[in-house]
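Scroll down for the structure; my scribbles are underneath it.
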Amino acid sequence: MHFMSQVPPYIAALRSYIPGKPIAELQRETGAARIIKLASNENPLGPSPKVKEAIGNALDDIHRYPDGGFALTRALAARYRVTPDNIVLGAGSDSLMLALVRAFVTEGGEVVASAGSFAQYYLMPQSRGAIVKTAPLKEYRYDLAAIAALVTPKTQMIFLANPNNPTGTMFTKAEWEAFYRQIPAETLIVLDEAYFEFVETNPDWPDSQKYRYDNVVTLRTFSKTYGLAGLRLGYGIGQTDPIREMKKVKLPFEPNVLALVAGEAALGDREFVDRYRSLVEEGRAVFYERLARMGVRYVPSAANFVMAVFPDQTTAETIHKGLLARGVIVRSLHAFGLPEAIRITIGLPEENVQCMDAIAALV
Ligand SMILES: Cc1ncc(COP(=O)(O)O)c(C=O)c1O
């Protein structure tokens, strides 16, 4: 028997996640000197100077294994007024999603999510042999009633992103409360709040930390607002029971030493977060104004990116390719099941203008 025949059919059927095109790759392909990447919802300001200093100071310790993130866990527990047993750290929220799937999802079990959402909600349960059921978006928003209608006694987990990637839309308090009432206590809801810092002051946004339901685990990340995507650092907040199970299956030495000190320094730099949020707000307004002037439809966003919608797939592909040829990397949403749309991360003011000028030239 060939060893490859051991690969279960549900793994063999998977396709690898394709990330946003890296700058160096487009540089190799086009030889262009100046490339801007607005494709992966990264913070264009880079990391805060305080983070860089903390990482510099920690370099002498990288021959040691991480200590499990004792200090960062305590800092997060203090911030959220919970105990360290309510917090779990991971190498990005991606890694914590996998820990949740390993702990709570079994072969043949059911997982429910929305279509047009974060790819890992489908890939990770499928890698476990689970069946993923999705409800279509409605006007590019989550249709929570349709999602709830897919839930059966076999549903082990529901993934929800709020705000959602790639649409940038959010569901409201009223929608969340009505949804939650329909979900049995046996089902675990994973509430992915990767972009919460961009909506936390919106009175309509349902902050999972104001509800703290037993069967909800919240995921948050340092990748977006704090500009630490390359270091891989995320955290989960929940009741002690699910958090304990996640800790059993996550890799013991993630996050790494540098990510841990970076996270602590980042949490302490609120000015940096405020600066970035203002940049996002201003950039979003520029995108809206320019896209509207060009007659390009966009979906109003609650996050650090905007989804632009074209009349059809061919137009979206032409725009995406035309932007690449002009040194602007945005995200094609073909793989997200939205082939008529592209997602543009808000960048530095000059990058935003360059991107909008390029779209204007193409439309
Ligand atoms: C909704 C959502 N969840 C999670 C992630 C992954 O974040 P992390 O870098 O913490 O793994 C992303 C990143 O794009 C995202 O958009």
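The values are calculated or read from the model by the stated rules, or taken from the named source; none is laboratory data. Being a predicted model, the structure only gives us computed values, none of them experimental. So basically every Cβ, Gly included, is an ideal-geometry build from the backbone, and we count neighbours across all protein chains shown. Side chains are part of the model used for accessible areas, which takes the heavy atoms of the whole protein and leaves out ligands, DNA and RNA. Shrake-Rupley method; radii C 1.70, N 1.55, O 1.52, S 1.80 Å.
Structure summary
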read-out	value
Criterion: within 16 Å of the ligand (Cβ to nearest atom), under 21 Å from the mean Cα position of the chain (by Cα), open to solvent by 30 Å² or more (accessible area, probe 1.4 Å) and not basic (Lys, Arg) - qualifying residue of Leu258, Leu267, Leu251	Leu251
Residue within segment 215-224 that is touching a residue at least 24 places away in the same chain (Cβ under 8 Å) and more than 20 Å from the chain's Cα centre (by Cα) present	yes
Single residue of segment 50-88 satisfying the filter (in a loop (DSSP other than H, G, I, E, B) and open to solvent by 40 Å² or more (accessible area, probe 1.4 Å)) that is nearest to the ligand (Cβ to nearest atom)	Gly68
Boolean, Leu231 is on the phi < 0 side of the Ramachandran plot, open to solvent by 50 Å² or more (accessible area, probe 1.4 Å) and within 16 Å of the ligand (Cβ to nearest atom)	no
Enumerated helices (runs of 4 or more DSSP H) restricted to segment 263-363, each holding at least 3 residues that are aromatic (Phe, Trp, Tyr)	270-294
Evaluation of Ala335 against (1) aliphatic (A, V, I, L, M); (2) surrounded by 14 or more Cβ atoms within 10 Å (Cβ to Cβ); (3) within 20 Å of the chain's Cα centre (by Cα) (one fails), failing number	(2)
Test result for Glu186, open to solvent by 30 Å² or more (accessible area, probe 1.4 Å) and more than 16 Å from the ligand (Cβ to nearest atom)	yes
Condition met for Tyr180 (within 13 Å of the ligand (Cβ to nearest atom) and in a helix (DSSP H, G or I))	no
Single residue of segment 3-32 satisfying the filter (touching a residue at least 60 places away in the same chain (Cβ under 8 Å) and assigned to a loop (DSSP other than H, G, I, E, B)) that is nearest to the ligand (Cβ to nearest atom)	Gly20
Residues within segment 89-131 that are assigned to a loop (DSSP other than H, G, I, E, B), within 13 Å of the ligand (Cβ to nearest atom), open to solvent by 10 Å² or more (accessible area, probe 1.4 Å) and within 24 Å of Ala341 (Cα to Cα), tallied	2
